[in-house]
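The values are calculated or read from the model by the stated rules, or taken from the named source; none is laboratory data. Source: prediction; values computed, not measured. In this analysis, Cβ positions are derived from the backbone assuming ideal geometry, glycine residues included, and neighbour counts consider all displayed protein chains.
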Amino acid sequence: MIFGRRKPDSYQDATGDAEAYRRHKARAARRQAELAEAGQEIGPPPPVVNPERREACRLNLRLFCETYYSAVFFLAWSADHLRAIAKIERAVLKGELFALAMPRGSGKTALCLAAAIWAAVYGHHKFICLIAATERRARNLLQIGIYRSLERNPLLMADFPEVCHPVRKLERTPQRAAKQKCNGVYTSIIWTKKEIVLPTIYRDDGSTTPASGTIITVCGLTGGEVRGQIKDMPDGSMVRPTLVLLDDPQTKASAKSVTQSEDRVELLQGDVLGMAGPDRAIAGMMPCTVIRPLDMADEILDPEKNPEWHGERTKLIYAFPSDEGLWEEYTNLRKAGLRRGDTSASDEFYRKRRAAMDSGAKVAWPERFWADKGEVSAVQHAMNLLIRHGEAMFFAEFQNEPLVAKYEDDLLDADAIAAKCNRRPESTVPTSCTRLTMFVDVQKKLLYYAVLAFEPNFTGYVIEYGSWPDQKQHHFLYRSVRRTLQTAHRGHGEEAAILAGLEDLTAAKIGRPWTRDDGAAMRITACLIDAGYQKDTVELFCRQSKHAGVVVPSKGLPVSAASIPLDERKRKKGEEVGDNWRLTGRQGEHSVRLMLFDANHWKSFLHARLAVAIGGKGCLSLWGRSEARHRMIAEHLTAEYRTRTEGRGRTVYQWECLPGRDNHLLDCVAGCHVAASLLGIRLIAPAVPKTKPVKTAKKKAKYF
């Protein structure tokens, strides 16, 4: 015995055994192949259950959603929904673009996903791309929105068996896709985490079904996979995406960054809209949420800047209830109930007073409320969400009107400010002006400055602005500057470089005459220098400067509504007090005076001046003719948002910088107005007292 087997009696016996073994292996292989073939063959799709129902929805997105997705869209449509559906339908069928901002929970993403499936199963588009802020989110869209619908939706299976039957036969095993056959022909179905290719099914006449070979891919907007998407079809032709669905293509982090927002808009307008190739325009849908003013969604929804996107911005509630007193009582009851875990008292309070509490309110979707939570109307639901989430989140998530933009209606935007040019040459002073002021904003790498000329009634002219060292370009961001104080003064430490920069800048601007139109020479008589960053360094410079009579260290204070205004506080010895500013007295022989001013007041004052039309008293305008030349200062002047606050019987707008924005020239221009106030410039110039003519006694004539 060798390894437990009988030793063959002869060579012929051994050969016979080997041959038998080979025949056995061949039979086993054939049986395995037959079994595999049987597993690969899915058989013909079942017949369409309701051809009339299927055909009725072919060009009707609303009917498609109501028919095949009634479990998702089970409430009555709102007017906003119907308007959005009409625009999405037009985008798919006519190749248009549509951006849609709806309140959270309104079904905007579900609506767009249903539209993508509608476009795929009817063959309206042969290549669809789903794009999200990140690739992970895009894969979730494919998994939840597309995979599950085609695999589990019974009505889709009934009326689109040529699509859903092969998908179900995969039995959630994507590896089977490569060998799947229908009537002996490969279906070419692909079913991966990042790509779907719908099965190619041949009819009896040799033609393929409408959805055959339709491609659906996913990617993140910034992942680098937007470009170069091109696929080959079963017939050998090459296709590019013709429909794109962008679902909330920004993150909260990117919305806070001006640069990231600009980059995403550029990717969208360039790479995404160019996906279809040079011979056709791409169709697109973009459900989105506005997180902050001027973020990506806000820019695309702006009909003035991007009219081709047909942006639609809807709200949960279009008019709030008028009886604030009743709602204040309800709010207190509601909050107390939430703390106890029982809101029945507030619910009962509302039910008894519903007519009065609903008065004046206008909701977008009357059917939207949580009956299982005790709510009885959409008005109550909206107010409960406001109480639950707070104003900031409510206005952003449910109103598409972030709170930072809530009180900006009367403020000029960057485009309007850049266009407010007075057609005057740079660095020249109108004859009507009596004062020149300057402000310097001190940063680690740069000094920003502005020079303004003023008439006695606060009509102002920005005659020059810029940075020191000069960046030799009209537009730049602080974070990207290369010519810094440190490179201009190599070998100096930070404080020494700032001192040297201040010396150079003031020598160039304060030490020179400025020519007025009538030929008179004027000089800057007040220059405030921001001491918020390097207080000791700035005070040292002001004390030692040869322009010590002109330069004054300054600090803007965020005086709130609850605080006592600067000009109402008790005056200390040696102080000067003016309109929302205080100039401190000297604290010692070698000290300098410090200008303290209410930054909130003077920024509001500045924007009021910008709002006055050219030619009006108190107007502020920019030199020159070119809007493009003033893009940077316009961006700085609109880099902060204001929030209305009340306290101590007064209303104050508090100003805060938008994340990632440069606001240095805003500080400079506002500071120049403070300096003008110090010099006696007033919005309403004091009336000149009328003097009575002096009567002179007539001398009597003397006769000789």
Worksheet item: Which of the residues that make up segment 198-219 are free of Cβ contacts under 8 Å to residues at least 24 places away in the same chain and not in a loop (DSSP other than H, G, I, E, B)?
Response: Tyr202
Practice prompt. Just give me the residues in segment 396-415 being closer than 16 Å to Glu640 by Cβ and at pLDDT 80 or above, in sequence order.
Written response: Leu411, Leu412, Asp413, Ala414
Practice prompt. Determine, yes or no, whether Lys555 is surrounded by 13 or more Cβ atoms within 10 Å (Cβ to Cβ) and not polar (S, T, N, Q).
Written response: yes
Discussion item. Conditions first: (1) in contact with a strand residue (DSSP E or B) (Cβ under 6 Å, 6 or more places away or on another chain); (2) under 20 Å from Gln587 (Cα atoms); (3) of a type in the set (D, E, K, R). Arg516 passes all but one, so which condition is the exception?
Written reply: (2)
Discussion item. With the requirement that a residue be of a type in the set (D, E, K, R) and modelled with pLDDT of 90 or more, what does segment 655-669 give you?
Written reply: Asp662, Asp667
Worksheet item: Looking at (1) in a loop (DSSP other than H, G, I, E, B); (2) at pLDDT 90 or above; (3) within 17 Å of Asp247 (Cβ to Cβ), which is the only condition Lys315 fails?
Response: (3)
Discussion item. In a loop (DSSP other than H, G, I, E, B) and surrounded by fewer than 21 Cβ atoms within 10 Å (Cβ to Cβ): is that true of Gln269 in this structure?
Written reply: no
Worksheet item: Taking segment 456-495, which residues are free of Cβ contacts under 8 Å to residues at least 40 places away in the same chain, surrounded by 13 or more Cβ atoms within 10 Å (Cβ to Cβ) and charged (D, E, K, R)?
Response: Arg483
Worksheet item: Can you pull out the residues in segment 364-387 that are touching a residue at least 40 places away in the same chain (Cβ under 8 Å) and closer than 24 Å to Asp248 by Cα?
Response: Ala364, Trp365, Arg368, Ala382, Leu385
Worksheet item: If you take the residues in segment 617-642 that are more than 14 Å from His664 (Cα to Cα) and among the hydroxyl-bearing types (Ser, Thr, Tyr), which one is surrounded by the most Cβ atoms within 10 Å (Cβ to Cβ)?
Response: Tyr641
Discussion item. Can you pull out every residue in segment 55-86 that is in contact (Cβ under 8 Å) with a residue 40 or more places away in the chain, outside any loop (DSSP other than H, G, I, E, B) and surrounded by fewer than 20 Cβ atoms within 10 Å (Cβ to Cβ)?
Written reply: Thr67, Ala79, Arg83
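Yes/no per residue for (1) surrounded by 21 or more Cβ atoms within 10 Å (Cβ to Cβ); (2) under 30 Å from Thr251 (Cα atoms); (3) aromatic (Phe, Trp, Tyr):
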{"residue": "Thr173", "(1), (2), (3)": "no, no, no"}
{"residue": "Lys179", "(1), (2), (3)": "no, no, no"}
{"residue": "Trp191", "(1), (2), (3)": "yes, yes, yes"}
{"residue": "Thr208", "(1), (2), (3)": "no, no, no"}
{"residue": "Ser212", "(1), (2), (3)": "yes, no, no"}
{"residue": "Ile216", "(1), (2), (3)": "yes, yes, no"}
{"residue": "Gly223", "(1), (2), (3)": "no, yes, no"}
Worksheet entry | Members of segment 231-240 that are surrounded by 12 or more Cβ atoms within 10 Å (Cβ to Cβ) and either among the aliphatic types (A, V, I, L, M) or under 26 Å from the mean Cα position of the chain (by Cα) (or both) | Met233, Val239
Worksheet item: From the residues in segment 496-524 that are exposed (fewer than 13 other Cβ atoms within 10 Å of the Cβ) and hydrophobic (A, V, I, L, M, F, W, C), which one is farthest from Lys445 (Cα to Cα)?
Response: Ala520
Worksheet, complete the sentence: The residue that is surrounded by the most Cβ atoms within 10 Å (Cβ to Cβ), considering only those in segment 349-392 that are hydroxyl-bearing (Ser, Thr, Tyr) and in a loop (DSSP other than H, G, I, E, B), is Ser377
Worksheet item: If you check Phe395 against the conditions, is it within 33 Å of the chain's Cα centre (by Cα), crowded, with 17+ Cβ neighbours inside 10 Å and in a helix (DSSP H, G or I)?
Response: yes
Worksheet item: Is at least one residue of segment 96-114 out of contact with any Leu (no Cβ under 9 Å at 6 or more places or on another chain), over 16 Å from Phe160 (Cβ atoms), modelled with pLDDT of 95 or more and in a helix (DSSP H, G or I)?
Response: no
